[in-house]
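Asker: Below is the structure I would like to discuss, written out as structure tokens.
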Amino acid sequence: MNTQSLRTLNEMLRNSVNLYGNKPAFKIKKEGKFSPITYQDFYDLVKKFGTGLLKIGIKEFDHVGLVSDNRFEWIIADLAIISLRAADVPCSGDSSIHDIYFKLNHSDANAVILEGEKQFTKFLNTADRLAAIKWIILLDQVTIFSDPEDAPEWSIPVHYKENGNNISKKFQTELKSLLKNNEKYLLLSEKANKFLKNLLEKDTPQIAKELSSSLEKEALTEKLFNKILVVEKNFNEKNPFQIFSFPQIIKLGEELLTQGDTQFEGLSKNCQPDDLATIIYTSGTTAEPKGVMLTNANFMHNAINAPKIIQINENDNFLSVLPSWHVYERSVEYCALCAGASTAYSKPFKQVLLPDLEAEKPTVMCSVPRIWESIYKGIVDKINKGSSLQKIIFNWAIRIGEEYKEAEGILTGKWPLFDRPSYSPEELAQAKQKVRRLGWKYKLTDQLVFKKIRELTGGRLRFAISGGGALNESLDKFFNAIGLVITEGYGLTETSPILASRSAEYNIMFTVGLPLPEVEIKIVDKNDLKKELPNGKVGIVLTRGPMVMKGYYKNEEKTKEVIKDGWFNTGDLGKKTYDGRFLKIMGRIKDTIVLRGGENVEPLPLEDKLKESKYINMVIIVGQDKPRLGALIVPDFNELAEFAKNENITYRNNQELIKHPQIISLYQSETKRLISKENGFKPYETVIALALLPQEFTIEAGELTETLKLKRFEIHKKYKELIDQICG
């Protein structure tokens with residue numbers, strides 16, 4: 001079947017099974033090695049899991065929470081749920097209790113799939129307020145203190161006593177942790193529960209001592225047993241919600257399919273393009289998250305059209321390092337399935353990622369800018385720790401590479417123009433001269449330096465896709481110089497998500513490439529959304545097409561705010577190249593800083609420029625309603641430690657180091673060097689004041705979104721006093 005005629009995700013999956021049945025669809029780690037799962041075997045698992053869900057009571061149009069990070073079981077569950085004409089509600093495995101509760105409650109979910117013990121514990125903290133949840137499915141079994149014969153199928157029994165009637169060391173350790181950790185619960189069998197009660201009854205002071213607690217008997221007993229859930233083997237018969245393991249659901253489905261059950265196939269063939277496939281909640285940086293409703297048709301637009309623009313095919317093998325719950329990774333996995341490619345699951349940590357790149361040798365990799373920032377810093381750190389000769393050769397090679405590639409880009413049309421239709425004859429002549437003059441040097445640097453860097457990715461990488469945020473221009477130039485093709489893409493959760501992307505063929509620097517087929521994009525005046533701006537002018541990006549969401553779940557008012565006359569307001573600032581073909585994203589309209597004098601400042605270009613400093617790890621520009629701009633900077637403490645060593649600066653910790661006058665002077669010099677008139681910045685964009693922070697911004701602290709973007713509103717609120725101090 002021609003992919004263009006495919007209408008639903010299940011139809012797409014069945015088509016790929018028919019075309020590529022015995023080819024690997026996914027690769028998962030088994031005993032440290034990648035093991036392939038064919039398209040046919042994958043679809044069989046989807047059918048089994050979907051049939052098992054029907055057996056326990058989940059039906060079409062239900063909403064099912066999916067709280068897990070990227071793993072093979074995630075995509076099985078996802079496509080099984082969608083094939084039942086139900087919708088899933090994805091949530092990061094590291095989500096807070098509040099986040100899990102809000103999403104499951106607001107989405108009207110009646111079932112939830114949880115990755116393991118961490119997620120199960122968080123769910124139990126809100127279970128009494130989530131009465132609608134009838135079924136829980138655990139991807140990983142959870143620990144229960146129990147005799148083996150008393151443990152439910154979805155649990156792993158652990159001894160609660162040893163050497164007769166003594167409390168086991170493991171049980172004692174977990175009870176200690178229970179007293180300290182408000183989010184923790186413990187599962188006990190009835191016998192283990194009685195055992196603990198008897199111990200407390202016999203000798204509370206001794207137990208309190210062993211648990212390092214100063215609580216009296218009554219308070220200790222209350223605190224412990226408020227956070228203990230007694231689980232019997234027949235738990236599901238006596239409780240308001242039932243618990244199953246992932247293998248148990250697969251087994252239920254397998255038994256029914258063996259008996260000739262066809263419910264799953266029947267429902268999946270009745271799927272409609274407009275069926276709700278998922279409710280994905282935005283990160284909620286300024287308010288409560290909004291539930292984005294995406295349909296089969298939304299996802300199918302990307303699955304059919306993105307492979308054509310990005311140029312992926314059945315011979316490609318992807319390395320997946322991003323979480324599947326994020327719409328960007330999820331949509332790319334659908335694209336891979338539609339194209340007949342394979343996906344291997346890895347993690348975005350260098351100790352996992354680098355060996356996996358070597359083992360799997362991917363041809364395509366999905367990524368976010370933060371990964372490339374880390375890779376770049378890793379390369380530079382390694383060079384800086386090498387010999388003086390290595391540093392000289394590397395820096396020479398990068399200068400040659402960047403100069404050569406810019407000249408080549410001017411000649412091939414890959415160096416964009418926003419203010420005029422073409423380069424002048426003089427500029428073209430200079431570019432030709434540079435290409436001739438530097439050609440042999442570039443070939444030499446490629447063999448001596450760049451080839452070795454590219455081999456770190458496995459040696460077969462055709463290109464990497466970067467999305468989920470803007471790629472720093474200096475990084476774009478660096479990786480272009482070394483011959484590592486990074487094709488930046490652009491989109492939003494509300495647009496399923498891909499709107500535009502570069503490709504190996506149209507890798508237009510500093511842009512997010514061409515819009516996908518059927519995607520309309522226009523740039524409008526931020527003060528008058530009906531006024532379309534000429535190419536090259538900066539304005540708000542509006543888009544229209546079959547990839548735009550159905551709306552926000554139970555929030556018609558917000559839906560009407562962002563979709564008017566069929567056009568979705570992205571909230572992003574952008575401009576088109578002079579010929580109108582390629583799009584460049586300039587920042588978010590909500591991120592614009594308005595100084596007290598009325599000047600408008602886009603923080604992203606300043607932040608990107610400052611991150612070119614080897615001494616800066618993270619930075620956020622601040623100054624809303626202030627007389628001047630400021631910067632909160634998280635130093636690169638490895639580079640800073642090296643600087644301190646060379647300057648004979650003594651310090652006890654990072655907190656003390658960042659207060660040293662010489663260190664503050666270093667960062668003042670770096671900001672002055674980078675944010676300057678020579679680098680194209682206006683006088684009012686000068687960063688006059690700065691503050692150094694002793695630790696990174698994190699997801700756990702609420703300062704980053706789950707895709708590692710700055711939560712500006714939260715950071716501004718958290719550091720209000722410091723911002724007032726530095727910005728006046």
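Asker: What is the residue count in the range 336-359 for residues that are under 26 Å from Ile312 (Cα atoms) and modelled with pLDDT under 95? Spell out how you get there, then give the answer.
Answerer: The initial filter retains those residues of the range 336-359 that are under 26 Å from Ile312 (Cα atoms), namely 336-350, 352-359.
With the extra rule that they be modelled with pLDDT under 95, the set shrinks to 345-350, 352-359.
Count: 14.
Asker: What single numbered condition from (1) of a type in the set (Phe, Trp, Tyr); (2) closer than 19 Å to Ile498 by Cα; (3) at pLDDT below 90 fails to hold for Phe318?
Answerer: Answer for Phe318: the failing condition is (3).
Asker: Being among the aliphatic types (A, V, I, L, M) and either surrounded by fewer than 17 Cβ atoms within 10 Å (Cβ to Cβ) or in the same structural domain as Lys29 (by TED's automatic domain parsing) (or both) narrows it down to one of Leu357, Leu389, so name that one.
Answerer: The match here is Leu389.
Asker: Could you please give the count of residues in the range 645-680 that are touching a helix residue (DSSP H, G or I) at 6+ places or on another chain (Cβ under 9 Å) and part of a helix (DSSP H, G or I)?
Answerer: Residues flagged as touching a helix residue (DSSP H, G or I) at 6+ places or on another chain (Cβ under 9 Å) and part of a helix (DSSP H, G or I) within the range 645-680 amount to 11.
Asker: Among what's in the range 511-526 and is modelled with pLDDT of 95 or more and within 23 Å of Thr592 (Cα to Cα), pick the residue that is surrounded by the fewest Cβ atoms within 10 Å (Cβ to Cβ).
Answerer: Restricting to residues being modelled with pLDDT of 95 or more and within 23 Å of Thr592 (Cα to Cα), the top hit is Asp525.
Asker: Checking the structure you have, find out if any residue of the range 468-483 is farther than 15 Å from Lys584 by Cα, out of contact with any His (no Cβ under 8 Å at 6 or more places or on another chain) and assigned to a loop (DSSP other than H, G, I, E, B).
Answerer: Yes, because at least one residue in the range 468-483 is farther than 15 Å from Lys584 by Cα, out of contact with any His (no Cβ under 8 Å at 6 or more places or on another chain) and assigned to a loop (DSSP other than H, G, I, E, B).
Asker: If I ask for residues that are more than 33 Å from the chain's Cα centre (by Cα) and surrounded by fewer than 19 Cβ atoms within 10 Å (Cβ to Cβ), which ones from the range 648-663 would you list?
Answerer: Result: Asn648, Ile649, Thr650, Tyr651, Arg652, Glu656, Lys659, His660, Pro661, Gln662.
Asker: How many of the residues in the range 498-509 are in contact (Cβ under 8 Å) with a residue 40 or more places away in the chain and crowded, with 21+ Cβ neighbours inside 10 Å?
Answerer: Total meeting the criteria: 5.
Residue-wise test of (1) assigned by TED's automatic domain parsing to the domain that holds Ile715; (2) among the small types (Gly, Ala, Ser); (3) surrounded by fewer than 20 Cβ atoms within 10 Å (Cβ to Cβ).
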{"position": "Gly266", "(1), (2), (3)": "no, yes, yes"}
{"position": "Gln272", "(1), (2), (3)": "no, no, yes"}
{"position": "Thr278", "(1), (2), (3)": "no, no, no"}
{"position": "Ser283", "(1), (2), (3)": "no, yes, yes"}
{"position": "Asn298", "(1), (2), (3)": "no, no, no"}
{"position": "His301", "(1), (2), (3)": "no, no, no"}
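Asker: Condition first: more than 15 Å from the chain's Cα centre (by Cα) and not in a loop (DSSP other than H, G, I, E, B). Now tell me which residues in the range 695-714 satisfy that.
Answerer: Once the filter is applied, which keeps residues that are more than 15 Å from the chain's Cα centre (by Cα) and not in a loop (DSSP other than H, G, I, E, B), the range 695-714 yields Arg712, Phe713, Glu714.
Asker: Mind counting the residues in the range 589-640 that are free of Cβ contacts under 8 Å to residues at least 60 places away in the same chain and in a strand (DSSP E or B)?
Answerer: Count: 6.
Asker: Name the pairs whose Cβ atoms lie under 8 Å apart, with the first residue in the range 689-715 and buried (at least 18 other Cβ atoms within 10 Å of the Cβ) and of a type in the set (S, T, N, Q), the second part of a helix (DSSP H, G or I) and modelled with pLDDT of 90 or more, and 6 or more positions between them or separate chains?
Answerer: Thr707/Tyr328
Asker: Still on this structure, please answer the following. For the range 103-123, check the following and say yes or no: at least one residue is of a type in the set (Val, Ile, Thr), without any contact (Cβ under 8 Å) to a residue 24 or more places away in the chain, crowded, with 17+ Cβ neighbours inside 10 Å and part of a strand (DSSP E or B).
Answerer: no
Asker: Can I ask one more? Is it true that Thr495 is within 24 Å of Phe299 (Cβ to Cβ) and surrounded by 24 or more Cβ atoms within 10 Å (Cβ to Cβ)? Step through it out loud before you land on a result.
Answerer: Details: within 24 Å of Phe299 (Cβ to Cβ): yes; surrounded by 24 or more Cβ atoms within 10 Å (Cβ to Cβ): yes.
Yes.
Asker: Can you pull out the residues in the range 408-443 that are of a type in the set (D, E, K, R), loosely packed, with under 11 Cβ neighbours inside 10 Å and touching a residue at least 60 places away in the same chain (Cβ under 8 Å)?
Answerer: Asp419, Arg420
Asker: Those residues that are crowded, with 20+ Cβ neighbours inside 10 Å and more than 31 Å from the chain's Cα centre (by Cα), I need them from the range 249-263; list them, please.
Answerer: Listed by number, the list holds a single entry, Gly253.
Asker: Let me ask something else about it. On the basis of being touching a residue at least 40 places away in the same chain (Cβ under 8 Å) and not assigned by TED's automatic domain parsing to the domain that holds Ile723, does Met586 make the cut?
Answerer: Judged against the criteria, Met586 is a match.
Asker: Then there is this: Just checking: which of the helices (runs of 4 or more DSSP H) contained wholly in the range 349-451 hold 1 or more residues that are over 36 Å from the mean Cα position of the chain (by Cα)?
Answerer: Because the criterion is at least 1 residues that are over 36 Å from the mean Cα position of the chain (by Cα), the helices (runs of 4 or more DSSP H) in the range 349-451 that meet it are 388-412, 425-445.
Asker: It is to be established whether one or more residues within the range 649-667 are of a type in the set (Phe, Trp, Tyr) and within 18 Å of Val601 (Cβ to Cβ).
Answerer: There is no residue in the range 649-667 that is of a type in the set (Phe, Trp, Tyr) and within 18 Å of Val601 (Cβ to Cβ).
Asker: Could I ask something else about it? Can you tell me which residue among Leu529, Leu606, Leu629 is in contact with a Lys or Arg (Cβ under 8 Å, 6 or more places away or on another chain) and either farther than 21 Å from Leu710 by Cα or buried (at least 21 other Cβ atoms within 10 Å of the Cβ) (or both)?
Answerer: None of the other options fit; the residue is Leu529.
Asker: For the range 261-280, state whether one or more residues are of a type in the set (S, T, N, Q), within 26 Å of Gly491 (Cα to Cα) and in contact with a Gly (Cβ under 9 Å, 6 or more places away or on another chain).
Answerer: No: the range 261-280 contains no residue that is of a type in the set (S, T, N, Q), within 26 Å of Gly491 (Cα to Cα) and in contact with a Gly (Cβ under 9 Å, 6 or more places away or on another chain).
Asker: Of (1) under 24 Å from Glu505 (Cβ atoms); (2) in contact with a strand residue (DSSP E or B) (Cβ under 7 Å, 6 or more places away or on another chain), Trp325 satisfies all except one. Which?
Answerer: Tallying (1) under 24 Å from Glu505 (Cβ atoms); (2) in contact with a strand residue (DSSP E or B) (Cβ under 7 Å, 6 or more places away or on another chain), Trp325 fails exactly one: (1).
The values are calculated or read from the model by the stated rules, or taken from the named source; none is laboratory data. For clarity, every value in this text was computed on a predicted model and none was experimentally measured. For neighbour counting, all protein chains shown are included, and Cβ atoms are generated from backbone atoms with ideal geometry for every residue, glycine included.
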